Amino acid sequence: MAKRKPKLVHRKGRPITLYLRREQALELDTVSRNRHVAKSELIRLALDRLLDDLRGGQLNLPLGVEHLERAS
């Protein structure tokens, strides 16, 4: 019996590791399941929206290491 070749997954984009708080992960799971949309697609959509808001000047975020040190 010949061995079956594994299916190749063709992915577009670059992989990234993202750490979510437990509450965020649970809510993301719920939305993904209820809307029948992959979690990765929801995250990409949210990131696109954030970047559009930042580019358009609609959202100002305090960015930088100094902000992160004060927050902890």
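If neighbour count is taken as other Cβ atoms inside 10 Å, put S32, S40 in order from fewest to most. Walk me through the intermediate numbers first.
Working: S32 16, S40 12.
With the sparsest Cβ surroundings first, the list reads S40, S32.
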Counting Lys and Arg as +1 and Asp and Glu as -1 over every other residue whose Cβ sits under 14 Å from the Cβ of S32, the net charge comes to +1
With Cβ to Cβ distances under 15 Å as the rule, what net charge do the other residues near L42 carry (K, R +1; D, E -1)? +1
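Coordinate-derived values only; no laboratory data. All of these numbers come straight from a predicted model, not from anything done at the bench. Using ideal geometry, Cβ is built from the backbone for each residue, glycine included, and neighbour counts are taken over all protein chains shown.
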